[in-house]
Every structure is written in C-alpha cells, then in structure tokens.
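Written below as structure tokens is the structure these notes are about.
Please treat every number below as a calculation from the coordinates, not as lab data. Fair warning: this is a prediction, and the values are worked out from it, not measured in the lab. Here the Cβ positions follow ideal geometry from the backbone for every residue, glycine too, while neighbour counts run over all protein chains shown.
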Amino acid sequence: MKMLLALIGLPLLLQPDLTQAAELDWLVGCWETPDGSAREVWVKEPDGSLIGFGVAIADGMVAFHEVLRVEVPSDGSLTYTAYPAGQLPATFVAKKLSSESIVFVNPAHDYPQKISYWLDGTTLLATISGLNGENLQSFNKRRCN
C-alpha cells in the first residue's frame, strides 16, 4: 500500500512548480518597437510556462527571428531558452524576479550572457549584455495595436 501511494505521488513530485512563471503574466501579449521594426509575442501555455516569438524586420523582410520559452524545469529553476534561427539554443537561469521585472543569466554563453525585461508603465524595456553589462543593447517596446 505504501508503495502504491508512493507511485501515485511520484508524478506530483516531478511536476515543476510554475508559480514563479506566473509572476511573468505582465510579459504576456504582443510588443513592438515604436518604429515597427521588431515585434515580440508571448503567450501562456496551459502548463503555466510562456512561449514567445521574436522577429526583426529590415527593408520589409524578416532579418531575424527566434522562438523563446520560459519554464520551470524539474530542478525548480526558472529558465529562459532562446532558439534563434540558424543558431543553437541557449538557456538562461532567472537570477532576479519581481512583480514587473526579470533578469536571466548564463555566464557560459558567448553573447548575450544576461537578458533583462522590465515593465515601465506601458513600455516593455529589455536589455541584452555581457555578464557585467558590457556590449549593452537596449530595446523598448509598446503593446501592439
């Protein structure tokens, strides 16, 4: 009987806790740069994880695109994985999380090593950089119409 109860409870123990991912509901939706040259769309999956798609447009053509995923793997960390077109995926671990901001890091990645998102009123701000802020690139986006 104890073995049966343990086997029934095992799948529950293996389920990641997505309460941290729920803190990112402010990220859900469509975001675009003021000039319309880049767009990022985030949706919440039924399991609580987030999936996103980013695209940059130049001269009316797609210049860059990537699929993004925020989830809680079995180790309990909150991760951000980027799947940029033509490149290997890279996973970053959340280091700071608040009700309207998140910072992910991966010191072993070439670039970026740090990805930050935060909400400033109705503007989504994002940066990518090296671990210590070098080669900083900033992005600001507003909700899509």
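Given a Förster distance of 22 angstrom, what is the FRET efficiency for residue 56 paired with residue 145, based on the Cβ-Cβ distance and rounded to 0.05?
So the FRET efficiency works out to roughly 0.75.
Taking neighbour counts of Cβ atoms within 10 Å as a proxy for exposure, in what order, fewest first, do 30, 144 appear?
Sorted ascending by nearby Cβ count, the order is 144, 30.
Working out 0.36 nm times the residue gap between residue 108 and residue 95, then minus their Cα-Cα distance, what length gain in nm do you get to one decimal?
Length gained, residue 108 through residue 95: 3.2 nm.
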